[in-house]
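See structure below.
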Amino acid sequence: MSGAAHLDFRSDTRTAPDAAMRRAMAAARVGDDAYGDDPTVGRLESEGARLLGTEAAVLLPSSTMSNLVAVLAAAPAEGTPLIAGRATHIAHFEAAAMRRFARTPVTAVRQDADGMLDAEPVRQALTTGDRHVVCMENTVMLCEGNALPPSSQTELAVLVEHHGAHLHLDGARLANAAVAHGRPVSDMTAGAHSVTFCLAKGLGAPVGSLLGGSAEFVDRARGLRLDLGGTMHQSGVLAAAGLEALQRVPHLADDHALAELLATELDRVEGADVPAPSRRTNIVTVRLPGMPEQLLRQRLADRGVLVLPLFDGYVRFVVHREHDEASVAGAAAALVHAGERERGPRRSPSVLRSEGAM
Ligand SMILES: *Cc1c(COP(=O)(O)O)cnc(C)c1O
C-alpha cells in the first residue's frame, strides 16, 4: 500500500486478502472437494455451520450462486414462485437469473422503511396454495444497509412455517447485522430454513460464500452446486481464507464506527441529505440537492473518491477494513468540492471584507 488514504468506497467486496490471510492460504492443507476430501473446506463448512447455527453448510464461489442454489434446493418443482422485497439484491440483481435458471417467477413485495418484508402481501401470496420460497435480506443494502433485529423476522417465520413454505435469508452481510445488534450470528438466522453468508465482503476473503441449512437441504445444495459447475477442487486454499474471515466477525464493529463517522462528516456538508437507518452498519448514502447520481459520482471521482450511483440522486459509500479516518476526511472534502462546483466557489471572508461587505 502506498500510505495514501484509501478512497475506494464502491463496495466491501473491494477488500483484498491481507498478509495473514495470504499466509493461511499458502499453508492450507488441501484435497479435492469434488471427492469430498479437502480437509480445509471441511473445517470451513463445519465452523461456518456452527457460526450460522445451522446443521450444515456448503462453500460456494459467490453469494449470487448461493442464492440461486438455495432457491433451486428449496423449490419442489419448476415454476415454484419466489417472493422477495422490492428493495433487495435478489429482486434487483438476481430476478432475471432466477427466472432463467430456476424458472422461478419473482414477486417483489413492499418492505417497511427498515427493509422488513410487509407480511400482508406475503400472506396473500401464500394463501394461493402453491408452495413458495420467501426471501428476506439482512443487512438490507438498499435501505442504507440497515441491520434488522432477529425479532423482526419472527412474524414472517411463523407465517412461512404455517404455509409450509421455505424462508431463505440472504445474509450476504449477516455478520454486519449481528455485530450491529451485539448478537451472535446464529441468533440472526432464527426461523430461516436456509441462509447465504458472504465471506468476500467486509470479512475480507478473496472469494466464497456459505450456504447453511439442514443436513438434508445442504446435501441437495451440494448436488445442485455440482450441476451448476460450482464444485471446486483444491478449494482448501480458498477455505483457508474463509476460516480467517470467520475470525474477523467482531472486527466489523470498527467498520461500523467509521461509517458512523463518515455519515456525520457527510451530513455536515451544505445541502447534503444523508438518510439515517434505524441501525447503521457499514453503508452510507448521500445526495446533493438537484444533482443526478451519475454527476455526483463523477465529481467525487474527480477527487479520487469512488462510489456507486444508486437512484434518486443517491450514491453509496461502503466502509471496510482498508479505510481509516483519513479516508473519511477525503470523502467529506470531495463532497464539499462536488457541492461547490454546483453553487460556485464560496467567497472567502477576506474577499467579502475587501469588498466592504462585512
Ligand atoms: C453482494 C450481495 C450478493 C451477491 O454477492 P456476490 O458474492 O458478489 O455474488 C447477494 N446478496 C446481497 C444482499 C449482497 O449484498
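Just a yes or no: is a residue in segment 284-295 buried (at least 23 other Cβ atoms within 10 Å of the Cβ), within 17 Å of the chain's Cα centre (by Cα) and at pLDDT 95 or above? Looking for residues that are buried (at least 23 other Cβ atoms within 10 Å of the Cβ), within 17 Å of the chain's Cα centre (by Cα) and at pLDDT 95 or above, one finds at least one in segment 284-295, hence yes. One residue stands out among those in segment 110-143 that are closer than 10 Å to GLY85 by Cβ and in contact with a Ser or Thr (Cβ under 6 Å, 6 or more places away or on another chain): the one that is farthest from the ligand (Cβ to nearest atom), which is MET116. Residues of segment 289-332 that are of a type in the set (Asp, Glu) and assigned to a loop (DSSP other than H, G, I, E, B): ASP312, GLU322, ASP324.
From the list ALA301, ALA257, ALA334, ALA276, the lone residue that is of a type in the set (A, V, I, L, M, F, W, C), at pLDDT 95 or above, out of contact with any strand residue (DSSP E or B) (no Cβ under 9 Å at 6 or more places or on another chain) and closer than 19 Å to LEU142 by Cβ is ALA276.
Considering only segment 18-42, state which residues are basic (Lys, Arg) and either under 28 Å from HIS323 (Cα atoms) or within 24 Å of the chain's Cα centre (by Cα) (or both). Correct list: ARG22, ARG23.
Filtering segment 315-326 to residues that are closer than 25 Å to GLN247 by Cα and crowded, with 21+ Cβ neighbours inside 10 Å leaves PHE317, VAL318, VAL319, HIS320, HIS323.
Rundown of residues vs (1) within 15 Å of HIS89 (Cα to Cα); (2) under 17 Å from the mean Cα position of the chain (by Cα), yes/no style:
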site	(1), (2)
MET116	yes, yes
GLU120	no, no
GLU137	yes, yes
VAL160	no, no
GLY164	no, no
LEU169	yes, yes
ASP187	no, no
GLY191	no, no
LEU199	no, yes
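Note on segment 81-106: among residues that are buried (at least 16 other Cβ atoms within 10 Å of the Cβ) and farther than 26 Å from LEU148 by Cα, the one that is nearest to the ligand (Cβ to nearest atom) is ALA97. When the criteria are applied in full, LEU238 meets the requirement of being within 14 Å of the ligand (Cβ to nearest atom) and in a helix (DSSP H, G or I). Listed by position, the strands (runs of 3 or more DSSP E) enclosed by segment 58-176 that each have at least 1 residues that are small (Gly, Ala, Ser) are 82-85, 106-109, 166-171.
The values are calculated or read from the model by the stated rules, or taken from the named source; none is laboratory data. Source: prediction; values computed, not measured. Neighbour counts run over all protein chains shown; Cβ positions are idealised from the backbone, glycine included.
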